[in-house]
Amino acid sequence: MFTLADGRRVGLTFALVTSLFLLWGFFLSYFFMSIMFPTIFALGIHDLGRRAKQASAFIVMAIVGGAMLPKLMGFVADHSDMSRAFIVPLFCFALVALYAWRWPVLSGCADGSGGRPEGRH
């Protein structure tokens, strides 16, 4: 027979397992986001030659987006609800994924050479 104590045990087990799963998911999402900027920066100035200084300045100035997008997310949350506000970072992650997906074409190394001339390591 299913008693109240059994229900509490099932609920507590579910809460602990779910909480640990969510905690690890939260931790891992920040871990992978921590390597995004160095990767984007390195790919963004790859093989630009003398234009690398200007490109790196634009990339660093783009950090301002990290200060403005939470305001935009808050605006969306205030005028609808919080679940719809997560469309803002979803759009940003989609742009980063699109950039990564198109990187071989954008960098000119779609042939698989990695953008390196013959004989260069």
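Where a number appears in this text, it was derived from the coordinates with a stated rule and is not lab data. Note that the coordinates shown come from a computational prediction; the quantities given were computed from them, not determined experimentally.
Worth a mention:
- For the stretch 27-81: Kirkwood Rh in Å [reciprocal of mean 1/r, alpha carbons]: 13.3
- The stretch 35-107, relative contact order [Cα under 8 Å, separation at least 6], %: 16
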